[in-house]
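Notes for the one structure printed next.
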Amino acid sequence: TTLLVDPERSLSGSPQWLQGTFTLFCQLGLFAGVAAHLRTSVQLHRLVTTALAASIPVAIYALLQRAGLDPTDFTDSHGAALSFAGHPIFLAGYLLMLMPLCIGRLWWSLRPENKRAGLAEPVFFGVVLLLQFAAFMSTDKRGPLVALMLGGALGLLLIAACHRRFRWAAWGIGAALTGGIFLLVL
């Protein structure tokens, strides 16, 4: 930051990207605080639920932008939604990082031993997942989707190699091929 041509912009972030050194240090401080105090699975579930609940207004605002109902006209020149993220690809990346957590919470809430809340919890996480996916599609960015598919396929292959589960490896290869075909058709 100090050795750049425009250190002030590097510290605070440019108006287009809204990312700078100050934002990076805030993110690192938040990560350190969470890492130091996150101890139990209840706290982890609470953190994931909070992150997913916080994505609801972001996704709704992105959908409003895409529909042309943004009162501040804070969209980019191509009409892609960017919500509060500063750029459509940042929004797409943010939403795709949260979607696996939402799928995991939805899966966990549907397990037979977790029927304490009835249908309220699965319905909530299902609606959040649909909102996130619709907002992702409104960004018109596919780069994070490619990264998610390839990362997921690689993750399945690594897990399969560690546990010597060849069926999981087949799922990983199948997921990568399906994702590639989907992107070609898209």
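The values are calculated or read from the model by the stated rules, or taken from the named source; none is laboratory data. Note that the coordinates shown come from a computational prediction; the quantities given were computed from them, not determined experimentally. Positions of Cβ are backbone-derived with ideal geometry, glycine not excepted, and every protein chain shown enters the neighbour counts. Note: accessible area is taken over every heavy atom of the protein model, side chains too, but ligands, DNA and RNA are not part of it. Shrake-Rupley method; radii C 1.70, N 1.55, O 1.52, S 1.80 Å.
For a quick check, take a GNM of the chain with Cα springs below 10 Å and name the residue from A92, A161, A67 with the largest mean-square fluctuation.
Maximum among the listed residues: A161.
Sorted by mean Cβ packing within 10 Å, highest first, what order do the peptides 38-46, 83-91, 146-154 take?
Working: 38-46: 10.2, 83-91: 20.4, 146-154: 15.7.
Put in order of decreasing packing, that is 83-91, 146-154, 38-46.
Please give the per residue accessible area of the chain, computed with a probe of 1.4 Å over protein heavy atoms only, in Å². Mind showing how you got there, number by number?
Values: 12230 Å² over 186 residues.
I get 66 Å² per residue for the chain.
Taking every pair of Cα atoms in the chain, average 1/r, invert it to obtain the Kirkwood radius, and report Rg/Rh to two decimals.
On the way: Rg = 19.1 Å, Rh = 18.9 Å.
Taking Rh as the inverse mean 1/r over Cα pairs, Rg/Rh reads 1.01.
Please work out the FRET efficiency for the pair F22 and T72, using the Cβ-Cβ distance as r and a Förster radius of 41 Å; give the result to the nearest 0.05. Numbers along the way, then the final one.
Numbers: r = 23 Å, r/R0 = 0.57.
Step by step, r from the Cβ atoms, then E = 0.95.
Which helices of the chain meet both criteria: a Cα extent of 18 Å or more along the helical axis and a mean Kyte-Doolittle score no lower than 1.6, with helices taken as whole DSSP H segments?
On the way: long enough: 21-37 (24 Å, 1.35); 41-66 (37 Å, 0.94); 88-110 (32 Å, 1.48); 120-137 (26 Å, 1.86); 143-163 (30 Å, 1.93); 166-185 (28 Å, 1.44).
The qualifying helices are 120-137, 143-163.
Using only helices, what value at 222 nm comes out for the chain when you add -39,500 (n - 2.57) per DSSP H run of length 4 or more and divide by the total residues, to the nearest 500 deg cm²/dmol? Mind dumping the intermediate values first?
Values: 7 runs with 131 residues, N = 186.
So the helix-based figure for the chain works out to -24000 deg cm²/dmol.
Taking 7 Å along the Cα-to-C-beta vector as the label spot, tell me the N114-R167 distance in nanometres, rounded to one decimal.
2.2
Given a 1.4 angstrom probe, I'd like the percentage of the accessible area of the chain that is carbon and sulfur, rounded to a whole number. Present the calculation step by step, with values, prior to reporting the outcome.
Numbers: 8870 of 12230 Å².
Its accessible area is 72 percent carbon and sulfur atoms.
Under 15 Å from a label point 7 Å along Cα→Cβ of I60: give me every residue in the range 127-148 with its amide N that close.
Those under the cut-off are 127-132, 135.
Could you compute the FRET efficiency for H37 and L186, with r as their C-beta to C-beta distance and R0 at 35 Å, rounded to 0.05?
After rounding, the FRET efficiency stands at 0.25.
Assign unit charges at the C-beta atoms only (+1 for Lys and Arg, -1 for Asp and Glu), then state the dipole size of the chain relative to its Cα centre in Debye, rounded to the nearest 20.
980
What does the highest-first list of 124-131, 177-184 look like by mean Cβ count within 10 Å?
For the peptides 124-131, 177-184, the packing ranking is 124-131, 177-184.
If I build a Gaussian network model for the chain, linking alpha-carbon pairs within less than 10 angstrom, which residue out of R111, R66, R142 has the largest mean-square fluctuation?
So, out of R111, R66, R142, the one fluctuating most is R111.
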